[in-house]
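The values are calculated or read from the model by the stated rules, or taken from the named source; none is laboratory data. Note that the structure is a prediction, hence the values are computed from the model and not measured. Ideal geometry is used to build each Cβ from the backbone, glycine not excepted, and the neighbour counts take in all protein chains shown. Each accessible area value is taken on the protein alone, full model and side chains, heavy atoms only, with ligands, DNA and RNA left out. Shrake-Rupley method; radii C 1.70, N 1.55, O 1.52, S 1.80 Å.
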Amino acid sequence: MFDFKIAEADKAELYRQLRDAADALTAGEPDAIANMANVAALLWEALPDLNWAGFYRNVNGELVLGPFQGRSACIRISFGKGVCGTAAATLEPQCVEDVNAFPGHIACDSASASELVVPLVHDGRLIGVLDLDSPRVARFDAEDVRGCAELARMLAPRLAAATKAPAAS
Ligand code: SME
C-alpha cells in the first residue's frame, strides 16, 4: 500500500513519510490492536536492519506483548525489567547501542544487537511501548529516537485501549 524508497541517509525524510503513512492508516480507526498491527508492519517495511518491530501494552501495570513483526517474543515484562520495562518505568526513550552491555536486557531473539524503545503516553497515562530491535550494533541514533518519539506522540491516542465491551448477557 505504501512504498518507501528513501535512502537511509535521509532519516528525517524517512520518518516524515513514516508518520504520514501511519497517520493515514490509523486516522479514524478506534481499535488499538488493529492500529498497532498496521504500524508494526509499516515500521518493519520502512526501517532497514530490523529483526523485530512492535508493541508491548500496559495491561494493569505490566507490559504484555502486542502486535509485532519478527520472531516470537517474551509475553510479559515487568516495569523496570529489561529495556522495555526501563522505558515503561522511566517514561524515557531507551536507545541501547549494545544490548549485551545493558544490565538486565531480555534476549527474546539472540540476533538482537541494539534496541530502541519509546514509551507511548496519552493523557499522562502509559499506553505501552514501541520496541525496535536490530541485528546491527549501534543501529539507532538520535534521529531515530526523535523520529520514533514523534511517531509515538502522534499515535498514542490511537493506540489507547478502546472502551470495554458491555458484559455478555
Ligand atoms: N529486549 C527487550 C525484550 C523484548 S524483545 O526485544 C522483543 C527488553 O530487554 O526489554
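Taking 119, 48, 67 as the candidate residues, the one with maximal mean-square fluctuation in a Gaussian network model of the chain, Cα springs under 10 Å, is 48.
A Förster distance of 35 Å, applied to the separation of the beta-carbon atoms of residue 91 and residue 168, puts the FRET efficiency at 0.45. By the Cα gyration tensor, the range 104-150 has an equivalent ellipsoid whose semi-axes, rounded to whole angstrom, run 22, 14, 6 from largest to smallest. Per-atom-type breakdown for the chain gives carbon and sulfur 51% of the accessible area (1.4 Å probe, protein chains only). Residue separation of residue 138 and residue 12 scaled by 0.36 nm, minus their Cα-Cα distance, works out to 43.6 nm of gained length. Solvent exposure of the chain amounts to 50 Å² per residue of accessible area, where only protein heavy atoms count and the probe is 1.4 Å.
Other residues lying with their Cβ under 11 Å from the Cβ of residue 64 contribute a combined charge of +1, Lys and Arg counting +1, Asp and Glu -1.
For the range 110-125, backbone nitrogen atoms closer than 20 Å to the point 7 Å from residue 74 Cα along Cα-to-C-beta are found at 110-120.
When Rg and the Kirkwood Rh are both derived from Cα coordinates, the Rg/Rh ratio for the chain amounts to 0.96. Spin-label model, residue 98 to residue 145: label points 7 Å out along the Cα-to-beta-carbon direction sit 1.8 nm apart.
Of the trypsin sites (Lys or Arg not before Pro) found in the range 32-80, the ones in coil according to DSSP and having at most 14 other Cβ atoms within 10 Å of their Cβ are 71. Only the Cβ atoms of Lys and Arg (+1) and of Asp and Glu (-1) were treated as charged; on that basis the dipole of the chain about its Cα centre amounts to roughly 560 debye.
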